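Derivation of every value follows stated rules applied to the coordinates shown; laboratory data play no part. Predicted model, so just to flag it, every value in this text is computed and none were measured. Note that we place each Cβ from the backbone using ideal geometry, even for glycine, and neighbour counts take in every protein chain shown.
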Amino acid sequence: MKLLTAFKRHLFITVGNTLPIYGPFNRLRASMFRKAGMAIGRDVTIIGPLNLELSLNEETIRGISIGDNVYLNAQTRLACRNSRISIGDDVQVGPRVSFETATHGIVFEPEIGRGTDHQAIRVGNKVWIGAGATILPGVTIHEAAVVAAGSVVTRDVPAHTLVGGVPARKIRDIERPAHRHGAIA
């Protein structure tokens, strides 16, 4: 039964990833991933293919949650074995962004090797992650933060902050928009 369920999940993911990469198919792709067991909100656009770490373990897929109005560009990687990746609402993710929830120890121990450590990744609402960025295990990117293209994020990113580089460091605070005169709050 477990094998049949895994096959069904993999089938929906494969179909989603083979859909043409334009127009309505980018929204249809999200529905294929929903059927595979991913928690995906409303109005999500996924430009395929989505690179997922697949196994017979259902948590590999169920550990991923994507909020409303999210845009995942081409070749986004969600490596979520034995952990969680949570992406909030109104998030934009550039092409070739990689979310990696697993890491290894630095010290090699005989009989054990380096071991594997899994830590969740959390992305808050209104975050923008630029092309080719890598988000490492245990990182939280807080609301309305921006990660510059090509950055490697090794630690938490505060809200309303622009970070960039390898490893990513704070570049500057992001000014919050002032309410326009007469605008309804």
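If you take every DSSP beta bridge whose two residues both sit in the chain, what share of them, in percent to the nearest 5, is antiparallel? Mind dumping the intermediate values first?
Values: 7 of 37 bridges.
Antiparallel bridges: around 20 percent, rounded to the nearest 5.
Treat every Asp and Glu Cβ in the stretch 42-185 as -1 and every Lys and Arg Cβ as +1, leave all other atoms uncharged, and give the resulting dipole magnitude about the Cα centre to the nearest 20 debye.
About 420 debye.
If contacts are Cα pairs under 8 angstrom and at least 6 residues apart, what is the relative contact order of the stretch 93-133 in percent?
59 percent
Using a cut-off of 25 Å between alpha-carbon atoms, which lysines can reach residue 170, once sequence neighbours fewer than 8 places away in the same chain are excluded?
The qualifying lysines are 126.
Say the dipole of the chain comes from +1 at the beta carbon of Lys and Arg and -1 at that of Asp and Glu; which of 158, 71, 178 then lies farthest toward its positive end?
Farthest along the dipole direction, towards plus: 71.
Ignoring everything except DSSP H segments at least 4 long, calculate the 222 nm mean residue ellipticity for the chain; use -39,500 (n - 2.57) per segment, divide by total residues, nearest 500.
My calculation for the chain gives -5000 deg cm²/dmol from helical runs alone.
Using a simple spin-label model with points 7 Å from Cα along the Cα→Cβ vector, what separation in nm is obtained for residue 175 and residue 82?
Each label point lies 7 Å from its Cα, and together they span 4.8 nm.
Whole number please: convex hull volume per residue, Cα atoms of the chain, in Å³.
125 Å³
Of all the stretches in the chain, which is the longest one without any exposed loop site, taking trypsin sites (Lys or Arg not before Pro) in a DSSP loop (any state but H, G, I, E, B) with at most 14 other Cβ atoms within 10 Å? Walk me through the numbers on the way to the answer.
Numbers: sites that count: 42, 114, 155, 180.
With a cap of 14 other Cβ atoms within 10 Å, the longest stretch comes to 43-113.
Show me the chymotrypsin sites (Phe, Trp or Tyr not before Pro) within the stretch 1-103 that DSSP assigns to loop and that have at most 14 other Cβ atoms within 10 Å of their Cβ.
22
How much length would be gained if the chain were fully extended between residue 51 and residue 156, taking 0.36 nm per residue of separation minus their Cα-Cα distance, in nm to one decimal?
On the way: separation 105, 0.36 × 105 = 37.80 nm, distance 2.36 nm.
Computed gain between residue 51 and residue 156 is 35.4 nm.
Evaluate the relative contact order of the chain (contact order divided by residue number), counting alpha-carbon pairs under 8 angstrom at least 6 apart; express in whole percent.
This gives 12 percent for the chain.
In percent, what relative contact order does the stretch 113-185 have, based on Cα pairs under 8 Å that are 6 or more apart in sequence?
On the way: 160 pairs, mean separation 15.7, N = 73.
Relative contact order, the stretch 113-185: 22 percent.
Mind telling me which of 107, 93, 153 comes out most flexible in a GNM of the chain, alpha-carbon contacts under 10 Å?
For the chain, modelled as a Gaussian network with Cα springs under 10 Å, the answer is 107.
Once the piece of chain linking residue 118 and residue 22 is laid out straight, how much longer is it, given 0.36 nm per residue of separation minus the C-alpha distance between them? Before the final figure, lay out the partial values.
Values: separation 96, 0.36 × 96 = 34.56 nm, distance 3.43 nm.
Fully extending the segment from residue 118 to residue 22 adds 31.1 nm.
How many angstrom lie between the C-alpha centres of the stretch 86-121 and the stretch 1-31?
That distance is 24 Å.
Which lysines, on any chain, are close to residue 2 with Cα under 23 Å apart, when same-chain ones fewer than 8 places away are left out?
Within the straight-line limit of under 23 Å, residue 2 reaches these lysines: 35.
What distance in nm lies between label points placed 7 Å from Cα along the C-beta direction at residue 62 and residue 131?
3.8 nm
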